[in-house]
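What follows is one structure encoded as structure tokens, with my remarks underneath.
The values are calculated or read from the model by the stated rules, or taken from the named source; none is laboratory data. All of these numbers come straight from a predicted model, not from anything done at the bench. Cβ atoms come from the backbone with ideal geometry, glycine included; neighbour counts cover every protein chain shown.
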Amino acid sequence: MDEEYMPAHIQGRKLDVLDDPSKTIDQKGIDVGGYIRISTKKDSQKTSIENQEKLLKQWADVNGYNLYRCYTDVKTGKYMYLRNEVQQMLEDLKEGKIRGVVSKEIARTSRDIMDVLDLKRKIVSLGGFFKAIKENYDSRTDDDEFLLVLYGALAQKEQKTTASRVKVTQLIKAKEGKTNVPLPAFGYMLSEDRQRLVRNPETYPHYRFMVERFINGWGQLKIAKYLNKNGILSRRGCKWSTSAIKTILTNPVYLGVTIYNTTTLIRDHEGKQKRVMRPRDEWIIRYNTHEPLITEEEFKKIQAILQERSEKDCKEWTCERKYLGSTLLRCAVCGGKIYGSRFMSKKKGAGYFYRYICRGVNGNCNSPAKYWDMEKVDWNIRELFRTLFGDKEKLFDYIQKEPGILNEDTSEFLKERDALINKVVHIDRAMKKQQSAFENDAITMDEYKTRLAELRAEKNEALARIGKLDAKLLRHDSVMDRLKKVLNRVSDKIERIHELPTEEVAEYLDAVFESLYLGEDGTIVDVEFKD
């Protein structure tokens, strides 16, 4: 009968049941996964994989475990989220295929202490355990993680020390004008001693082809198409793209210059790698370190052409807010995103003119490209805002009635919610009555269990519906609160909306609207408010 009772703070909550891995300490024949990590994909590392697999198999046999499989990760990278085999290992833990993870040593799971802790906690949260053979570490006997932190810190320190030694060697080589790259730039190859760049007789002609054609008027796309059509691959054996062509045309290495120590990788607050540029006074620049493949005059001419074409390029594909309708405008015909663009006037000295463009990218538009006068559209956007927010009652009435915004009657939600709450109260009373009836021998055990199960099912159903109603009401309140805040901020500025700076108006628009749908005549035909 005790199993039929449940504390109030547990009823109605979907709590996970604790799967304590410490119970498996004395069990035999448990399926475990062996984790193997090596830092490179070189053939020389295959021996390391074989040795680690052999060690893990022997350990499992001696200690009474069953090695289900080995998760071999041959990718570089300190951070766990980059490694696919780790994710597969966690998935197998979740599915119960393995109960624990064994590694040769802690450094073989990760060389970052925070990552080691995160991995161990994920394994434990899935009901598993983690063991490291070299350190004789077992997570089932390390509740406070003190030993894991200690071993992990030592592994991280060792990695940093090794990296520092390698970095010093590379810096010395760079200062001497020697190369540090394992894969030279297209058109070059490594010298016999692998210390210098020398001309590659196979790819050098193709590099010169790019340079000469670009100077003679070819574009990056035309060059890339020509190379791909003729089966000429990049240095990595891939097809060419416009960005790859530009990278080659702007690379100073072809001037015989070696530049090193310009960037570094750091770890952000989410544990992900982020490349940042070092201060320029830390850069190492050496001239005439290898044979140049382009003259300085040619290089400067190419940069000038690129700059000129960049200035003429009217497309403004950027995340930054440049125009009032940026990020908000959608085509009313196809629903595609509308972009702001700048065009150079054909009249000398007339400067630029601006347009909004829909390029029909969804394939559903009635025209390959549509253009709107930006000044006219921006005026319509401001006027829409002034009209809506100039009349408080009209605004809220519009929001309540407009389909797709808040087209559900919250008063009905409130009525239904109150009725369900009363129903839950009555069910609780009924459950207590059933308990009293059973204690007074008015009903049998089977009758009590059956009735109690029915009442619990009704209660859970009611609670689930209350949760959904709460979410809808919260969404409604969130929209209304946001609109009220904007109203309070713009109440004294609404009549001057056409005079306010673009940045200020854009801030108000972003706070209220999700999308503005632009008709063919330049008017706003529909809006979507933010949830």
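Residues in the stretch 395-419 that are under 30 Å from Tyr448 (Cα atoms) and modelled with pLDDT under 85: Glu416, Arg417, Asp418. Every listed requirement among (1) surrounded by fewer than 20 Cβ atoms within 10 Å (Cβ to Cβ); (2) assigned to a helix (DSSP H, G or I); (3) at pLDDT below 75 is met by Gly177 save one, (2).
Residue-wise test of (1) closer than 30 Å to Ile284 by Cα; (2) assigned to a helix (DSSP H, G or I); (3) at pLDDT below 90; (4) not assigned by TED's automatic domain parsing to the domain that holds Glu291.
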| position | (1), (2), (3), (4) |
| --- | --- |
| Pro205 | yes, yes, no, no |
| Arg208 | yes, yes, no, no |
| Val211 | yes, yes, no, no |
| Leu221 | no, yes, yes, no |
| Lys225 | no, yes, no, no |
| Gly231 | no, no, no, no |
| Arg235 | yes, no, yes, no |
| Ile248 | yes, yes, no, no |
| Tyr254 | yes, yes, no, no |
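The numbered conditions (1) surrounded by 13 or more Cβ atoms within 10 Å (Cβ to Cβ); (2) small (Gly, Ala, Ser); (3) modelled with pLDDT under 85; (4) in a helix (DSSP H, G or I) are all true for Ser310 except (1). Looking only at residues in the stretch 94-118 that are hydrophobic (A, V, I, L, M, F, W, C) and buried (at least 22 other Cβ atoms within 10 Å of the Cβ), the one that is farthest from Leu150 (Cα to Cα) is Ile98. From Thr169, Thr109, which residue is more than 30 Å from Tyr260 (Cα to Cα) and modelled with pLDDT under 75? Of Thr169, Thr109, the one residue that is more than 30 Å from Tyr260 (Cα to Cα) and modelled with pLDDT under 75 is Thr109.
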